[in-house]
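Just below is one structure, and these are the notes that go with it.
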Amino acid sequence: AHRSPPATLSTAMPTATLSASASLGATRAACVRAGRTARRVALRSPGSIASSSRGVVVMAAAASDAAPADAVEYFSPSKVNLFLRVVRRREDGYHDLASLFHVIDLGDDMKFAKSTGSRDTLVCSDDTIPLDSSNLVIKALDLWRRKTGSTQHFWVELVKNVPHGAGLGGGSGNAATAMWAANELCGRPASEAELLEWSGDIGSDISVFFSEGAAYCTGRGEIVEDVQPPIPLDTPMLLVKPDIGLSTPAIFKALDLDGRSTEDPLDLLERIKSEGCNDDVCVNDLEAPAFGKLPELLKLKERLRGAGTKGVSSVFMSGSGSTIVQVGSDDVPEFVREDAALFRSPARLITRKRGEWYKPSGLWKK
């Protein structure tokens, strides 16, 4: 669900930028483009997001900037929408959705440690990602402190593998992982139910990561009902994304409510349990506006469907795009292999047990 974002903080906040002097080294080449591997650090003053008087300092990490010895690693997953129905446009500008979300094992790598200072430190591998108070990781840590009353700050390293503007909820997964890690490092002052409830304050897609992995989500996406995985977790999937992202606000604005599917989302939920993923069940009301904004995305979907890859049962767009999901095989068609501009990655559905965080399936190699 979406509405136009509120006014952001003034860009006149004091900032300092230093030249990059170090690199995180090679990460997944298909996920982090050349020139985006310089480590950056955001040192954020304490206080609420709205308190900009103390400023934000953004700089490149020095070569000696290493993870604290006690840093804990966490996997930060992403998600796909196995179907997505837009139920209505609300008076407040949001849209009510009914969607079957599933967490997947394409994810980012994160490290967390308690900080002895009075501000958070965020290190990121992708220099296109903002490191100020607009970053969902910082928002999540601020939210967790505000709700728990804690004054603890954190050192965080984020290595991006999930492309942004992809409809995969990579940033939302980062935020959920940050809330989970902060809570774990500080002795679990909040329950999982509270983390789920709070997460809706900063984003509609974050809540799904506090499910057990498969969730039927309604409202803005923040009302989460755990369901059984509709297909086997080891079902191979291939994610393909053009080197262009899509703006979620623009896609919702372009949505023609008269052009939506007429399928009852509860019927879709029952059908996917019995039929699995197929093109009749894996509907996405946001495909039409996305394909209108980016016609090559429709062509990509059609080429994947027409490639004749053995085992493929469905091809559809995830979320507001621009990732196309191929279910049933992670074999890469020749036309995808030959196009260096296309992001591609295998993926599998994953779940978690209560009290534990997500881990990769281990069923495919980076």
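Structural remarks
- Solvent exposure of the stretch 72-348 amounts to 37 Å² per residue of accessible area, where only protein heavy atoms count and the probe is 1.4 Å.
- Just so you know, the averaged projected area of the alpha carbon convex hull for the stretch 144-190 sits at 3.8 nm².
- Hull volume per residue, based on the alpha-carbon atoms of the stretch 244-363 and their convex hull, is 152 Å³.
- Label point distance in nm, R146-D234, each placed 7 Å from Cα along Cα→Cβ: 4.5 nm
- Residues in the stretch 246-288 that a label on D96 would reach, taking backbone N under 20 Å of a point 7 Å out along Cα→Cβ: 252-253, 255-270, 284-286
- Antiparallel bridge percentage (DSSP; both residues within the stretch 82-173; nearest 5): 75 percent
- √(5λ) per eigenvalue of the Cα gyration tensor, the stretch 72-348, largest first, Å: 31, 21, 18
- Prolate/oblate/rounded call for the stretch 210-255, Cα gyration tensor, a/c under 1.5 rounded: oblate
- Cross-link pairs exceeding 20 Å between alpha carbons, from the set K241/K359; K160/K293; K160/K359; K160/K241; K79/K160; K79/K273: K241/K359; K160/K293.
- Surface composition of the stretch 72-348: carbon and sulfur atoms hold 46% of the protein heavy-atom accessible area at a 1.4 Å probe.
- Computed extension length for C186-D331: 47.9 nm, one decimal, from 0.36 nm per residue of separation with the Cα-Cα distance subtracted.
- Annotation: extensible slack from I223 through E73 equals 51.1 nm (criterion: 0.36 nm per residue apart, minus Cα-Cα distance).
The values are calculated or read from the model by the stated rules, or taken from the named source; none is laboratory data. Values in this document were obtained by computation on a predicted structure and should not be read as measured data. In this analysis, Cβ positions are derived from the backbone assuming ideal geometry, glycine residues included, and neighbour counts consider all displayed protein chains. In case anyone asks, the SASA skips ligands and DNA or RNA and just uses the protein heavy atoms, side chains included. Shrake-Rupley method; radii C 1.70, N 1.55, O 1.52, S 1.80 Å.
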